[in-house]
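Structure first, commentary second.
Values quoted throughout were computed directly from the atomic coordinates according to the rules given, and no laboratory measurement underlies them. Not measured: the values here are computed from a predicted model. Quick reminder, even Gly has a Cβ in these numbers, built from the backbone with ideal geometry, and neighbours come from all protein chains shown.
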Amino acid sequence: MIEAIRTQAHNLLENKEIDVVIGYGNGSDPTRTTPVFIRKPEEVNRLIFDPRCINSLPVYLNKRQGYPKKGWKRVGIIGKGCDIRAITQLIAENQLSRDEVYIFGVPCDGVVSHFSKWDGSLRDDNRATKCSECDVHIPNDCDFFPGERPEVDRSGPYKVSAPQVLNLFNLKTDKRFKFWEKEFERCFKCYACREVCPHCSCNICITDRTTPNWIDQAPHTKGVFGWHLTRALHLVGRCTGCGECTRACPVDIQVDLFNQRMKDVVQGSFGYKSGYSETEKPPLITYMTDDSENFIQ
Amino acid sequence: MAKIGVFVCQCGNNIARTVDTADVAEKTGELSGVAHVEDYKFMCSAPGQEMFKKAIKDNNLDGCIVSACSPKMHEATFRKAAEDAGLNPFKVEIANIREQCSWVHDDKEIATAKSKDITKMMVNRLKYNRPLERYKMPVTKRALIIGGGIAGIQAALDLANAQIPVSIVEREPSLGGNMARLSETFPTLDCSQCILTPRMVEVSNHPLISIHSYAELEKLDGYIGNFRATIRLKAKSVIEKDCTGCGECWEKCPFTVENEFDMGLSKRSVIYIPFPQAVPTVPVIDRENCPKFIKDKCGLCAKVCGQQCIDFTQQDRVIEEEFGAVIVATGFKLMPNVYKEYGGYRPPHMTPKKLTAKIRKTLPRSTAGRLVDVINGLEFERLASASGPTGGEIRRPSDGKVPETVVFIACVGSRDCNKGVEYCSKICCMYTAKHTMLYQHNVHHGKSYVFYMDIRAGGKGYEEFINRAQSENANYVRGRVSRLSKKGDKILVKGADTFTGHALEIEADMVVLATAMVPQEDAMGVAKNLGISYDQHGFFSEQHPKLMPVDSSTGGIYLAGACQGVKDIPETVAQASAAASKVMQLFSREELEREPEVAIVDEKNCMNCWDCVTVCPYNAIDRTEITNRQGQFLKWAAKVNPGLCQGCGLCNTVCRSKSIELEGYTDQQVYAQITAFEGAFV
Amino acid sequence: MSKKITRHDFEPKIMAFVCKWCTYSGADLAGTSRMDYSPNVRMVRLPCSGRIDPQFLIKAFEQGVDGVIVSGCHPGDCHYNEGNYYARRRNLAFRELLDFHGIDLARLEFSWISAAEAIKWTKVIDVFTDKIRELGQHREYADMTDPYAHYLVKEAA
């Protein structure tokens, strides 16, 4: 499979149809992979793909991360189904145009939850949670796919959220608060969750703004609550569920639980699934006159 | 450091009864930034305002809080006073301690504490008020009128007589609209054309009115005072300035098609004017049906034209014009498809047999498989019209016979949620009564029946008119018709008289349906084009149903006539005049002033998600390219058109990067207000 | 006016974010009609319920209020045609989010109050105040200590 991608990438790079291929290469130790940027056709053999390829590469297509770099007119990118959803969402938000990217779609059975869990095989106990509910093992939209691409019906709803979300949701409100309070005590606001997110695209993040100081910069619990509430709020209907925020968190706070919960809400209340359409309006910038208002007096 | 003055009003005893104003003033004076406090009996009185102005000047204040009544009462008063004293009016805020404190609480201690809190919140907010300047915009003193029916004609004449240049855009080749089709008008039975056509001539002769007939509005950009309209002038194939309207061409033209003006009851030539009194009297070639354009044959009209003004090569022309205001008067049509309920569909024309030559030419209706003698109100108008297909004799469409029995059915499609529209079409009761009279005047021995639900005759002289119709001519039957069917060459009308409770069967020669009035088919398209809102039926929505009935939801665009809701002629004319006077009001000023509380963009941080563009209800936000001094493209950013922005702040809320802000309600101001809140009760 | 004044041990702090066309006018009408309602509410006047950013509510809770009211025009009555529809969606999502963070939704009230509904306004305020009084202080947020508080220089009064 990867051979076909290497050949195609080689051809495209040689014909200057694309300027760079963003993909995965072997990392510093055998359990790790690292994002690689292939600019020369002869380097394509560095490209690999296996369940260790955890990173969400579309973050490199985010303007805030310096995209497009000098000399990048058209970018090839290796995309798992979930990554391609992120790209679609970026296009829907006008952060990217479809013809700027050349997507190498890869069929993916899931990735490991963490590099340290990799021992050569992918099993249920080391698979990332997002992969168990994935419906894009065969990607939605791509320019190149190794071999024949089977048709997959994706009209159905998302699968239900990870068990942790439901467990948490079924707790009593104050218990849930205690849970988060305990989690957030560890947060020291390194903003890794923001930096790794493909959708955080603001030039100046609202938390970095001091006039007005909506979110307290200090990493005490109050400010941390404000930050995570705001982050989740800004991602309502936009998060494509790559789970990178949780993976990047140095103190293991499961910040993507909010996003997963909001994904369910958006799906249930507005019938919207992010990352499947480049033209559908995200739920919070549109409305129906008959939206639910059972919470309103 | 801010120098804020706080003025606490006692409002006689209104505030002072439950609020210790002196205490409020004292405590507020201790807040940082407060340089001056006053506690006064009547701030809004002349001495109060003088004191207010003096305090601003003497203390060189850069902001003022008036703790008094609701901002709706006196915000404008104090802003004006501040302006007089040399302070930017938007540096004045009102703390509402009357309606929302002293009048609703009894406990003096609590009310005083609440007043302090309210005042403190406003003081904090005021520190971040920016001095704003009202936008001044020039006004293009020309009006555009869309639709050349009676509403458009009236508005155009009113405006032009007030020395305002007007352009009328009419889709058809002639002005006149639906009113030109009518035979006589209720309740006075004066001839519609006799009162309309002089107006049309007046319009065509008026030096300040330009008529774009056979034209459509393609696009409207801009905002109140400064619209730019793109108008498509459809090719008439006739050189307008040379044409004398002699009529040689349309008389000689050998091809005929269904005449829309006569509701398909007669035929017209392919080069045509819709009716003899058409304004402008310039024919157009119907290119869809003309053999010259279909297969390049004929061309007779060009040969017979003495002025050589037929031009087959003419192209559509698109012109752009500037206007300051727009009046929309696109009118109505009758609900289509009601025939389906009442007797089948309308097939294409077939020439009926056994007719006199004259009738055959004018009434070519088929009898095959449907009830051709079921017609709608406008068709009846044409039959009754002296200039109509039958020359004013009432003859039925199928065989040209004079109908001996006619059944009129009211409320067809109206007041019927299931098959039609929910609203009452308002004019049908009246015109049905008029039809019975016209019929009776024409066919003295004829019998007419009217099936109705209620009679709604609210209008000057209307009830009297109905009474006359009921007593003199028609048999009014209260009840609905259940079925129309064919019986010989007659129509069997099955219905019920709900007064007697008897079922009723009438063998009628002709049935006239008082069909519901609905907006024009493309009304919603027009609304989207203009950026105005419309209701579920497609009628354009007024700004306020009672107090602003001629303003559309967009500033500078006004509504006239049946495009806004069902109306009869007097109401239409009244609304057209009202719309015209609104335009005059707008044009009476050299410059428009707009409140500066609009959104502004931080272009540097705009991240081009265009969420603001999507949510803006007024299409006030555009995309713009930011360039450096050398003119090189740097980035895209949102751009607010202050002429269109109404200051709702939706864009501010949806902007994640907070790079668009609503002046007057900025995040910083609201933040200051929230953080000032202590909820400190004594 | 004859309502008996009663003092309670706990007076909840309530903040209301309202649209100026409907709810603010409704509250004004309550004043003009001399209705009596609970004094615990402080209003922030905004042009439209669509302008009410969830950020405001987060900040209000951080600030230590015990309850927040959000109110605007009834659907279809928005002065800006559609602002309240957006507000409704946004608040629906925001409530779910708050709930998932473990904040009691009873502390956040959303209502449609027109300029004529002064009675509804007083009722909403009174009922909500009583409800919050029963719930007690919003301890969750209030108890979150700010370890840096003592570094902050208090604004000179």
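So what J values fall out for segment B:226-236 if you push phi through Karplus, 6.51 cos²θ - 1.76 cosθ + 1.60 with θ = phi - 60°, rounded to Hz, Gly and Pro as x?
My calculation for segment B:226-236 gives 9, 8, 10, 9, 9, 10, 9, 8, 5, 5, 8 Hz in order.
Run the quick spin-label model on A:E195 and B:S482: label points 7 Å from Cα toward the beta carbon, then report their separation in nm to one decimal.
Inter-label distance under the simple model: 8.1 nm.
So for chain A, Kirkwood radius off the Cα pairs, Stokes-Einstein at 25 °C and 0.890 mPa s: how many µm² s⁻¹?
Values: Rh = 20.4 Å.
This corresponds to a translational diffusion coefficient of 121 µm²/s.
Count the lysine pairs in segment A:2-132 whose Cα atoms lie under 14 Å apart, taking only pairs 8 or more positions apart in sequence or on different chains.
Numbers: A:K16/A:K40; A:K16/A:K73; A:K63/A:K73; A:K80/A:K130.
So the count of such lysine pairs works out to 4.
What percent of all Cα-Cα pairs in segment B:84-199 falls in each 10 Å bin, counting up from 0?
11, 21, 14, 9, 12, 18, 13, 2
Can you list the residues of segment A:203-236 with backbone N under 16 Å from a point 7 Å past the Cα of B:K604, pointing along Cα to Cβ?
Output list for this probe position: A:203-206, A:208-212.
Against the empirical 2.2 N^0.38 Å scaling, what ratio does the C-alpha Rg of segment C:14-151 come to?
Details: Rg = 15.3 Å, N = 138, 2.2 N^0.38 = 14.3 Å.
That ratio works out to 1.07.
List the residues, sorted by chain then number, that are 5 or more residues from B:G222 or on another chain and whose placed amide H is less than 5 Å from its amide H.
Placed amide hydrogens put B:R228 under 5 Å from B:G222.
By how many degrees, between 0 and 90 and to the nearest 10, does the Cα long axis of helix B:667-676 differ from the longest principal axis of chain B?
Approximately 50 degrees, to the nearest 10.
Whose amide H sits under 5 Å from the amide H of B:S210, counting only residues 5 or more places off or on another chain, with H placed in the peptide plane?
HN-HN under 5 Å from B:S210: B:V166, B:S167, B:I168.
Could you give the nm distance between label points at B:A22 and A:Q217, where each point is 7 Å from its Cα heading toward the beta carbon?
4.7
Could you please rank B:M510, B:M548, placing first whichever residue has the fewest other Cβ atoms within 10 Å of its Cβ? Numbers along the way, then the final one.
Working: B:M510 29, B:M548 14.
Fewest-to-most ranking of B:M510, B:M548: B:M548, B:M510.
Given 20 °C and 1.002 mPa s, compute D for the protein assembly as shown with the Stokes-Einstein relation, Rh being the Kirkwood radius over Cα pairs; round to the nearest whole µm²/s. Don't skip to the answer; put the middle values down first.
Numbers: Rh = 34.8 Å.
Answer from the Stokes-Einstein relation: 62 µm²/s.
State the extension gain, in nm to one decimal, for the chain segment bounded by B:I239 and B:D106, taking 0.36 nm per residue of separation less the distance between their alpha-carbons.
39.8 nm
List the GluC sites (Glu not before Pro) within segment A:69-175 that fall in a DSSP loop (any state other than H, G, I, E or B) and whose Cβ has at most 12 other Cβ atoms within 10 Å. Numbers along the way, then the final one.
Numbers: sites: A:E93, A:E100, A:E133, A:E148, A:E151; in loops: A:E93, A:E133, A:E148, A:E151.
Answer by residue number: A:E148, A:E151.
Among the chymotrypsin sites (Phe, Trp or Tyr not before Pro) in segment B:548-645, which ones are in a DSSP loop with at most 12 other Cβ atoms within 10 Å of the Cβ? Mind listing them? Provide the component values of the computation, followed by the final result.
Details: sites: B:Y558, B:F587, B:W610, B:Y618, B:F633, B:W636; in loops: B:W610, B:Y618.
Sites meeting the loop and neighbour criteria: none at all.
Apply the Karplus curve 6.51 cos²θ - 1.76 cosθ + 1.60, θ = phi - 60°, to the phi angles in segment A:195-205 and return the couplings in whole Hz, x for Gly and Pro.
Listing the rounded values in order: 5, 8, 7, x, 9, 6, 10, 5, 4, 10, 5 Hz.
Along segment B:50-56, what does the Karplus equation 6.51 cos²θ - 1.76 cosθ + 1.60 (θ = phi - 60°) give for ³J(HN,Hα), rounded to whole Hz, x for Gly and Pro?
4, 4, 4, 5, 5, 5, 4
Please figure out what share of the DSSP beta bridges in the protein assembly as shown is antiparallel and state it in percent, rounded to the nearest 5.
Working: 65 of 139 bridges.
Roughly 45 percent of the beta bridges in the protein assembly as shown run antiparallel, per DSSP.
Between B:N475 and B:E260, what's the calculated FRET efficiency when r is the beta-carbon distance and R0 is 30 Å? Round to 0.05.
Details: r = 34 Å, r/R0 = 1.12.
For B:N475 and B:E260, the calculated efficiency is 0.35.
In nm, what is the difference between 0.36 nm times the number of residues separating C:I119 and C:R139 and their Cα-Cα distance?
Numbers: separation 20, 0.36 × 20 = 7.20 nm, distance 3.09 nm.
Computed gain between C:I119 and C:R139 is 4.1 nm.
Fewest first, what order do A:D109, A:D291, B:D509, A:D125 take by the number of other Cβ atoms within 10 Å?
On the way: A:D109 12, A:D291 15, B:D509 22, A:D125 7.
Sorted ascending by nearby Cβ count, the order is A:D125, A:D109, A:D291, B:D509.
Given labels modelled 7 Å from the Cα in the Cβ direction, how far is it in nm from C:H8 to B:E593?
Placing both labels 7 Å beyond Cα along the Cβ direction yields 4.6 nm.
To the nearest 10 degrees, how steeply does helix B:108-126 sit against the main Cα axis of chain B, on a 0 to 90 scale?
That helix lies at roughly 80 degrees to the long axis.
For the pair B:N628 and A:R32, what calculated FRET efficiency results from E = 1/(1 + (r/R0)^6), where r is the Cβ-Cβ distance and R0 = 45 Å, to the nearest 0.05?
Numbers: r = 43 Å, r/R0 = 0.96.
Calculated value: 0.55.
Rounded to the nearest 20 debye, what is the charge dipole size of segment A:2-132 about its Cα centre when +1 sits on each Lys and Arg Cβ and -1 on each Asp and Glu Cβ? Mind showing how you got there, number by number?
Details: 20 positive and 16 negative charges, 91 e Å.
Dipole size: approximately 440 debye.
Quick check: net charge around A:P282, other residues with Cβ under 15 Å of its Cβ, Lys/Arg +1 and Asp/Glu -1?
Values: positive: A:R85, A:R238, A:K263, A:K273, A:K281, B:R656, C:R89, C:R90; negative: A:E93, A:E278, A:E280, A:D291, B:D611.
Around A:P282, the surrounding residues sum to +3.
Using amide H atoms built in the peptide plane, which far-off residues or other-chain residues are under 5 Å from A:V36 H to H?
Result for A:V36 returns A:G23, A:Y24, A:G25.
When averaged across all projection directions, what area in nm² does the alpha-carbon convex hull of chain B cover? Working shown, then result.
Working: hull surface 161.9 nm².
Orientation-averaged projected area of the Cα hull: 40.5 nm².
Anyone know which of C:H138, C:H79, C:H101 comes out most mobile in the 10 Å Cα GNM of chain C?
Sorting by GNM fluctuation, first place goes to C:H101.
Computed FRET efficiency, Cβ-Cβ of A:R149 and B:N13, R0 56 Å: what is it to the nearest 0.05?
Numbers: r = 82 Å, r/R0 = 1.46.
Between A:R149 and B:N13 the formula returns 0.10.
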